[in-house]
Amino acid sequence: MARTSSPFLPTEGRVVSCVQGALAAVSGIIVITSCKDVKFDRHWLATTYLWVFVPYMVYDIHVMYLRHWYRCKDSKVLNGKDHFSTAMNSLLQKEFLMLVHHIATLTILVPIGLFLRGEIGDFFVGCLLVVELSTPFVSFGKILLQLNLQNSLLHKVNGAFVLITFFTCRILLFPFMYHAYGKQFGIPMYKVPFNIPLHCNITNAAILAPQIYWFRLICRKAIRLYSNSTSSKDR
């Protein structure tokens, strides 16, 4: 991938994502391990880190737009309104689901976490922060691609960590939350969905659905990556 001629370096955005993902995951682990009562125990990080998360999400949306803006600039689409509309069309076409995810997080999940849930559920906020554990590996993989290291051993090892952390923290996390709730209240895990408010199940399903879609894409990329590696060795 050619480097953009702009003063904005895409790598900088990836580094910020790596740092944010690590901080969010560590914060989430601290909250989870500190809240013995999954419903009523409190930890200050559960709300404090959400205030950090808001500017990051706004920043990341801005970075996504800049990435497409400079790509259009490199493509010689330079006349004002056409440049903006082309960049927006590129953003919406290539990163629509990610954009929806960011906007929904800012307008729905963060307000729930900060204002609407009352003084309950810090444990589950911590669980959702742990979702970000896969972000440093995803972002680092993209940095390696920008450095043309897609065939390196480091890229393959990082790819394995992407698969493991994404599946564990973005897919298995949801059964874990239901299990934790059921264990505390003496309810079998399969009965938990029928013992919690409907909106909790809907919210979890809405968060989980894109994770499954993205994990499918990651698996397809991993198959291509390791298949190409095996083919190269057989030659």
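All of the numbers you see were taken from the coordinates with simple rules; none came from a lab. Fair warning: this is a prediction, and the values are worked out from it, not measured in the lab. Glycine gets a Cβ as well: all are built from the backbone with ideal geometry, and neighbour counts include every protein chain shown.
Quick look at the numbers
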| item | result |
| --- | --- |
| Within-14-Å neighbourhood charge of ILE207 [Cβ basis; K, R +1; D, E -1] | 0 |
| ILE29/ASN228 FRET efficiency (R0 35 Å; Cβ-Cβ; nearest 0.05) | 0.50 |
| Net length gained if the chain between VAL157 and ASP37 were fully extended (0.36 nm per residue, minus Cα distance) | 39.5 nm |
| Estimated dipole of the range 35-147 in Debye, rounded to 20 [Cβ of Lys and Arg +1, of Asp and Glu -1, Cα centre] | 380 debye |
| Reciprocal of mean inverse Cα separation for the range 125-235 (Kirkwood radius, Å) | 15.9 Å |
| Summed side-chain charge close to LEU149 - residues other than LEU149 whose Cβ falls under 12 Å, Lys, Arg +1, Asp, Glu -1 | +2 |
| Theoretical gain in end-to-end length, LEU198 to PHE84 [0.36 nm per residue, Cα-Cα removed] | 36.9 nm |
| Charge dipole (debye, nearest 20) of the chain; +1 at Cβ of Lys and Arg, -1 at Cβ of Asp and Glu | 780 debye |
| Selected from TYR70, TYR181, TYR213 as most flexible by GNM, with the chain as the system and alpha-carbon contacts under 10 Å | TYR213 |
| For the chain, built as a Gaussian network whose Cα springs stay under 10 Å, the top-fluctuating residue of PRO193, PRO210, PRO136 | PRO193 |
| Point-to-point label distance, ILE108-ILE164, nm (Cα→Cβ direction, 7 Å offset) | 3.2 nm |
| Identified option (computed percent of Cα pairs over 32 Å apart; candidates [x] 29; [y] 15; [z] 26) | [x] |
| Net charge of Cβ neighbours under 15 Å - reference MET57; Lys, Arg +1; Asp, Glu -1 | -3 |
